[in-house]
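Following: one structure in structure tokens, then a few remarks.
The values are calculated or read from the model by the stated rules, or taken from the named source; none is laboratory data. None of the values given here were measured: they were computed from a predicted structure. Reconstructed Cβ throughout: ideal geometry from the backbone, glycine too, with neighbour counts over all protein chains shown.
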Amino acid sequence: MSKPDFNVHKFYANENFPFPAVEYLRAHGHDVLTTKESGHSNRDTPDSEVLEYAISQERAVVTFNRRDFVRLHKAISGDHAGMIVCTEDRDYESLAERIHFQVKQLSSLSKQLIRIDRSNN
């Protein structure tokens, strides 16, 4: 049995992260849980609670809320399952590709803060 050329990661998509990008990440084999699927949408949940839930599920948060999650990363000394903070981009396929490219070489996202910037195309 051949090993895939990437590692499957578990993500928790924050409420502001677009569902089409979630679908593209899933197409790459990643396990993505959304706030809606977890029953946590439309609640104005504080970012700290979003992160707490992601930690409890051993999932890396994927979000457009860069500033607050970078602050949380620093505040908790990186003790989490990972954070992927993205610049907003309506090219959801390209966004998912950039995320996939960044994480595919990592065996673990634990304690990682990964910044994904908008494509220049």
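Key figures
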| read-out | value |
| --- | --- |
| Subset of the stretch 20-65 [among the basic types (Lys, Arg) and at pLDDT 95 or above] | 26, 59 |
| First in the stretch 86-98 and under 10 Å from residue 119 (Cβ atoms), second anywhere and in a loop (DSSP other than H, G, I, E, B), Cβ under 7 Å, 6 or more apart | 87/117; 87/118; 89/118; 89/119; 91/119; 94/119; 95/89; 98/119 |
| Test for residue 68: is it acidic (Asp, Glu), surrounded by 15 or more Cβ atoms within 10 Å (Cβ to Cβ) and touching an Asp or Glu at 6+ places or on another chain (Cβ under 7 Å) | yes |
| Test: residue 12 is free of Cβ contacts under 8 Å to residues at least 60 places away in the same chain and in contact with a Lys or Arg (Cβ under 6 Å, 6 or more places away or on another chain) | yes |
| Yes/no for residue 115 being surrounded by fewer than 18 Cβ atoms within 10 Å (Cβ to Cβ), more than 13 Å from the chain's Cα centre (by Cα) and basic (Lys, Arg) | no |
| Hits in the stretch 54-65 (condition: buried (at least 16 other Cβ atoms within 10 Å of the Cβ) and either under 16 Å from residue 8 (Cα atoms) or among the acidic types (Asp, Glu) (or both)) | 59, 60, 61, 62 |
| Selection from the stretch 74-96 of residues that are assigned to a helix (DSSP H, G or I), modelled with pLDDT of 95 or more and out of contact with any helix residue (DSSP H, G or I) (no Cβ under 6 Å at 6 or more places or on another chain) | 94 |
